[in-house]
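Working notes, beginning with the structure itself.
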Amino acid sequence: MGSGGMYSTLDDMNRYYQALEAGSLFATDHARAWQRKAGVDVGGSDRGYFIVHVSDGRGSSVLMLSNSEGRSAQMRQLVQALANLVLPKQES
């Protein structure tokens with residue numbers, strides 16, 4: 001987590017998530033927790049950006065970065081729409 005002055009590019013974040021999914025970023029125990037995990041992960045803070053990662057656990061995923069308020073009603077609707085696109089109906 002950055003201190004509010006963190007800088008990254010979309011390519012950096014894409015490589016980060018590819019490394020997570022490949023299991024090459026963390027030690028074996030932590031890597032297994034991230035590999036092909038189906039679901040929705042949302043994180044971030046009002047000092048930087050919010051990140052949304054939706055994965056079906058089988059190779060289809062979407063990664064979204066936003067510098068808007070991540071806890072707003074509009075952001076929750078967008079996250080749900082992304083989940084509906086990627087996840088089978090029973091998992092969203």
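For the stretch 56-83: of the residues being small (Gly, Ala, Ser) and farther than 12 Å from Val42 by Cα, which is modelled with the lowest pLDDT?
Ser68
Under 6 Å between Cβ atoms, at least 6 apart or on separate chains: pull out the pairs that start in the stretch 61-80 with a residue that is closer than 16 Å to Tyr17 by Cα and end on any residue that is surrounded by 12 or more Cβ atoms within 10 Å (Cβ to Cβ) and of a type in the set (Ser, Thr, Tyr).
Close Cβ pairs satisfying both conditions: Ser61/Ser55; Leu63/Tyr17; Leu65/Tyr49.
Only one residue in Ala19, Ala31 is at pLDDT below 75 and either of a type in the set (S, T, N, Q) or part of a helix (DSSP H, G or I) (or both), so which one is that?
Ala31
Which residues, counting only those in the stretch 1-16, are modelled with pLDDT under 75 and surrounded by 10 or more Cβ atoms within 10 Å (Cβ to Cβ)?
Gly2, Met6
The values are calculated or read from the model by the stated rules, or taken from the named source; none is laboratory data. Please read all numbers here as calculations on a predicted model, not as lab measurements. Because the Cβ atoms are built from the backbone with ideal geometry, glycine has one as well, and the counts that use them run over all protein chains shown.
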